[in-house]
Amino acid sequence: MGRDCHFRNPSHRDRSASRAGNAPPWHKIWVFTGTVVSGVLALAWLVLRTGTKPSRLAYPCQQAALTTAAAAFGVPFVSMVIAARGRLARLLHTGRGIVAVTGCLAVSAVVLALAAPDVSYEGLFMEPPAGYRAQVFLVNHADGPDAGRFPGVDKLVSAMGSNGLKLHRSAIVTATSGPDGLIGPDDVVLLKVNSQWPERGGTNTDVLRGVIRQIVEHPDGFVGEVIVADNGQGLGYLTRDNNNAEDITQSPQDVVNDFASEGWHVSTMLWDTIRSWSVSEYAAGDMANGYVVSSTYDLETNLRESYPKFHTAFGSYVSYKRGVWSTTTQSYDAGKLVVINMPVLKTHSIYGITASVKNHMGVVSTALASESHGAVARGGLGSMLADVRCPDLTIMDAIWVMARPGLGPSASYADATRLDKLLASTDPVALDLWAATNVLIPAILDNGYTYADYHAKQDPADPNSTFRTYLDRSMNEMLLGGIDTTNDLDSIDLHAYQAADPIPTVSEWGLVVMLLATLIAGSLMLRVGAAPCTFRFDS
């Protein structure tokens with residue numbers, strides 16, 4: 001059996017530590033240049049797209065641009081530019097204005113090209129361990145929702161339990177529980193959803209309800225806590241009106257409120273609100289909410305480790321890396337924190353595909369010079385999984401998927417494709433590879449796209465595709481950190497949910513025949529019973 005996701009290889013940590021202190025001068029230059037150029041482009045986008053209609057500032061793309069520009073130049077300067085957008089718009093109608101703007105954009109494009117991040121990877125590539133086999137669980141027809149639960153999730157948990165992966169840890173052995181189960185009755189369970197995107201881009205809230213229902217139905221009686229959390233990097237919302245659900249007004253917060261009203265300790269934590277606060281660990285005496293940020297950069301991926309640390313609504317002190325902090329014993333309990341990763345399967349305009357691994361962009365913070373998003377191409381999220389925490393389970397939402405090369409990670413109602421599938425695994429790399437090959441690519445083809453459309457970025461069979469490049473490098477970082485994982489389809493065992501054979505139904509004519517047969521049999525028995533019996537006694 002391989003090491004669990006909390007194991008960290010000391011040698012891997014030492015290599016990361018070799019890049020100690022502040023970033024090297026070239027990195028400072030790149031960060032400064034990239035920040036300025038990003039700010040310029042974001043401001044240009046704000047002015048051109050907002051025009052004379054302030055209401056457009058509510059659009060998600062405008063909010064993203066506003067956040068980027070504010071981070072680069074500060075809120076007062078950006079506010080001044082937005083206020084002057086009318087004059088700037090009129091300037092664009094003059095020859096000098098067009099020439100000036102064209103020149104600025106050209107210079108910005110050149111600087112941006114020169115400052116493009118290095119996506120090369122210098123890590124020593126490792127092979128998945130011999131004999132290791134990843135387990136993937138699949139529900140092809142995820143029914144639901146129904147009466148406060150999601151039957152599709154019930155099927156998934158059943159498929160897991162029938163094949164050795166029990167959701168509940170208990171001495172009571174049932175279809176879903178056993179001594180080696182994932183969740184104890186008093187654990188703190190963190191459900192890492194996707195809250196960054198509206199409509200079909202975020203985690204399905206019906207599925208979220210189904211997962212929470214399964215957790216609180218622990219056979220020993222659940223007395224722990226459930227936390228629904230995410231960092232949308234400034235774009236995260238848990239209270240939207242346009243959600244991914246049958247009832248699109250049902251937000252993650254609505255689901256949480258329903259369980260809280262039943263008396264369960266279920267809450268939300270939007271890490272967007274603390275992503276800009278740099279803090280120390282509880283063990284260092286810092287009890288504030290925020291992000292713990294490493295002072296070093298990973299040697300292979302150049303990722304600067306960052307993770308959230310926060311106080312929950314029900315009194316738990318949680319470090320995403322260290323576990324649950326006890327104010328009584330002044331110590332961490334890593335095993336008391338159970339993390340379930342809940343990504344949506346989607347195409348991604350930059351990285352090809354976003355799913356289990358990429359969903360961890362909602363754990364790190366991009367606001368504290370962590371080089372998180374750029375490091376994805378170099379396997380940075382694999383570094384995060386190896387050095388911070390790997391989820392105990394990933395439940396992949398493929399009820400609706402985004403299966404359109406060139407689009408994503410946002411997913412409108414019109415662009416999404418309904419598949420009604422759910423998948424799960426303890427191996428995020430294997431799950432991504434299997435789902436991309438057997439779920440997303442077939443959906444892309446069904447949507448009318450061709451091999452030429454998806455080959456460069458999404459092709460899971462091509463190690464040089466954008467998706468496979470970051471996935472393989474992430475796998476390598478995990479292997480270097482001592483976590484067993486695989487990118488080999490032949491090393492993945494699939495367990496699909498199989499419903500019990502239904503009781504055969506009987507037609508109306510069948511019932512008539514059965515009734516007649518019963519009457520005839522009864523009549524014969526009566527005639528036999530009425531015949532005289534003669535007894536002879538021989539001496």
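The values are calculated or read from the model by the stated rules, or taken from the named source; none is laboratory data. Only a predicted model underlies this, so the values are computations on that prediction, with no experimental measurement involved. In this analysis, Cβ positions are derived from the backbone assuming ideal geometry, glycine residues included, and neighbour counts consider all displayed protein chains.
Filtering Glu217, Glu225, Glu246 for residues that are in the same structural domain as Phe314 (by TED's automatic domain parsing), in contact with a strand residue (DSSP E or B) (Cβ under 6 Å, 6 or more places away or on another chain) and of a type in the set (D, E, K, R) leaves a single hit, Glu225. Is there a residue being buried (at least 20 other Cβ atoms within 10 Å of the Cβ), farther than 30 Å from Leu381 by Cα, in contact with a Phe, Trp or Tyr (Cβ under 7 Å, 6 or more places away or on another chain) and modelled with pLDDT under 95 anywhere in the range 145-163? So far as the range 145-163 goes, no, none of its residues is buried (at least 20 other Cβ atoms within 10 Å of the Cβ), farther than 30 Å from Leu381 by Cα, in contact with a Phe, Trp or Tyr (Cβ under 7 Å, 6 or more places away or on another chain) and modelled with pLDDT under 95. Any residue that is over 16 Å from Val344 (Cα atoms), in contact with a Phe, Trp or Tyr (Cβ under 7 Å, 6 or more places away or on another chain) and not in a strand (DSSP E or B) - is there at least one of those in the range 434-457? There is at least one residue in the range 434-457 that is over 16 Å from Val344 (Cα atoms), in contact with a Phe, Trp or Tyr (Cβ under 7 Å, 6 or more places away or on another chain) and not in a strand (DSSP E or B).
In the range 289-324, what count of residues is obtained for those that are under 21 Å from the mean Cα position of the chain (by Cα) and among the aromatic types (Phe, Trp, Tyr)? So the count comes out to 4.
Conditions tested, residue by residue: (1) more than 30 Å from Ala416 (Cα to Cα); (2) assigned to a loop (DSSP other than H, G, I, E, B).
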{"position": "Tyr332", "(1), (2)": "yes, no"}
{"position": "Gly335", "(1), (2)": "yes, no"}
{"position": "Leu345", "(1), (2)": "no, no"}
{"position": "Leu368", "(1), (2)": "yes, yes"}
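The C-beta contact set for the range 399-416 (first residue assigned by TED's automatic domain parsing to the domain that holds Trp197 and surrounded by 23 or more Cβ atoms within 10 Å (Cβ to Cβ), second residue at pLDDT below 95 and not in a loop (DSSP other than H, G, I, E, B), distance under 7 angstrom, 6+ apart or interchain) is empty.
So in the range 319-344, with the set limited to residues that are farther than 20 Å from Asn359 by Cα and touching a Ser or Thr at 6+ places or on another chain (Cβ under 8 Å), which one is surrounded by the most Cβ atoms within 10 Å (Cβ to Cβ)? Restricting to residues being farther than 20 Å from Asn359 by Cα and touching a Ser or Thr at 6+ places or on another chain (Cβ under 8 Å), the top hit is Trp325. Of all residues in the range 386-410, those satisfying the criterion of being more than 13 Å from Gln458 (Cβ to Cβ) and of a type in the set (Gly, Ala, Ser) are Ala386, Ala398, Ser410.
The set of residues in the range 432-457 that are surrounded by 20 or more Cβ atoms within 10 Å (Cβ to Cβ) and either of a type in the set (Gly, Ala, Ser) or within 18 Å of the chain's Cα centre (by Cα) (or both) comprises Asp432, Leu433, Trp434, Ala435, Ala436, Val439, Leu440, Ala443.
Looking across the range 458-490, the residues that are in a helix (DSSP H, G or I) and hydroxyl-bearing (Ser, Thr, Tyr) come down to Thr466, Thr469, Tyr470, Ser474.
Applying the criterion of being under 30 Å from Ala452 (Cα atoms) and out of contact with any Leu (no Cβ under 8 Å at 6 or more places or on another chain) to the residues of the range 355-380, the residue that is surrounded by the fewest Cβ atoms within 10 Å (Cβ to Cβ) is His373.
Please verify whether the range 304-323 includes one or more residues that are in a strand (DSSP E or B) and closer than 28 Å to Ala398 by Cβ. Yes: the range 304-323 contains one or more residues that are in a strand (DSSP E or B) and closer than 28 Å to Ala398 by Cβ.
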